[in-house]
Amino acid sequence: MTTKLSVNINKLATLRNSRGGNNPNLVQCAKDAEKFGADGITVHPRPDERHIRYQDVYDLQKVITTEFNIEGNCQEQKFVDLVLDVKPTQVTLVPDAIGQITSNHGWDTVTHQAYLKETIAIFKNHGIRVSIFVDPVVEMVEAAATTGTDRIELYTEAYAHQFTQNKVAAIEPYLAAATKAQEVGLGLNAGHDLDLQNLAYFKQQIPWLQEVSIGHALICDSIYLGFENTIQLYKRQLQ
Ligand code: PXP
């Protein structure tokens with residue numbers, strides 16, 4: 001089974017914003033990423049618009065021909081309105097706090113089960129596929145299945161962190177969570193801190209993985225290896 005590579009272009013927006021102009025041009029970057037083999041483009045607009053701006057999302061929607069994935073905090077009404085307006089292929093719901101540097105935990109799907117059910121129904125009624133960001137905990141995956149979500153995205157920071165010391169131990173909770181997802185009929189995505197060292201093993205161990213979204217490491221690697229070559233190298237890890 002092929003695993004799709006969705007390229008997260010937040011970092012390119014950070015670079016652009018640092019000088020106030022339009023270099024790099026995000027729309028062109030997204031088009032090029034697709035031309036170079038990306039199966040999708042991911043953005044994560046935050047309320048302070050410190051990287052992706054709300055206008056970027058509208059501009060990108062006009063040009064993306066692969067899968068468009070918008071991640072963010074659905075407790076922000078502005079985020080919900082944006083997603084319903086743009087109608088991407090997928091929305092990934094992340095329980096971010098305002099001002100958070102990057103996502104650092106998954107949904108507690110047990111405590112927030114009713115809220116998630118209600119919110120997911122809104123997106124699904126508009127024909128948008130929904131994924132929710134969860135930690136690799138079997139109980140959280142089980143509860144996710146009752147919310148009506150199509151997929152879960154496993155938060156892979158802990159895997160990436162432990163990988164260099166002990167990859168067998170690092171994958172263990174992910175394998176258990178991914179197996180549970182399969183059992184309860186949930187689609188499976190993964191993301192955060194995946195890179196050229198740890199990605200192939202994750203895919204080998206969990207071959208039913210449907211999509212990864214990768215930003216930070218992929219953009220860093222591109223400085224040395226070039227954007228096209230880097231995208232191709234990441235794709236190769238997923239074969
Ligand atoms: N998935 C989610 C929910 C995220 O918030 C992020 C970071 O924006 C990623 C995946 C990608 O993580 P990274 O930039 O470390 O590849």
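Derivation of every value follows stated rules applied to the coordinates shown; laboratory data play no part. Since we're looking at a predicted model, the values are computed, not measured. With ideal geometry, Cβ positions are generated from the backbone for all residues, glycine too; neighbour counts draw on all protein chains shown.
Worth pointing out:
- Cross-link check: pairs Lys62/Lys117; Lys4/Lys203; Lys167/Lys203; Lys167/Lys235 evaluated at a Cα-Cα cut-off of 19 Å; pairs beyond the cut-off: Lys62/Lys117; Lys167/Lys235.
- Among Gly127, Gly215, Gly20: highest mean-square fluctuation, GNM of the chain, C-alpha pairs under 10 Å: Gly20
- Dipole of the chain computed with +1 at Lys/Arg Cβ and -1 at Asp/Glu Cβ about the Cα centre; of Gln205, Gln28, Gln113, farthest Cα towards the positive end is Gln28.
- Pair-distance distribution P(r) for region 1-118, from all Cα-Cα distances in 10 Å bins starting at 0: 13, 44, 34, 9, 1 percent.
- Between region 126-196 and region 14-39, the alpha-carbon center distance in angstrom: 28
- Prolate/oblate/rounded call for the chain, Cα gyration tensor, a/c under 1.5 rounded: oblate
- Contour minus Cα-Cα distance for Thr2 and Ile101 (0.36 nm per residue): 32.5 nm
- Dipole moment magnitude, nearest 20 debye, the chain about Cα centre, only Lys, Arg, Asp, Glu C-beta charged: 560
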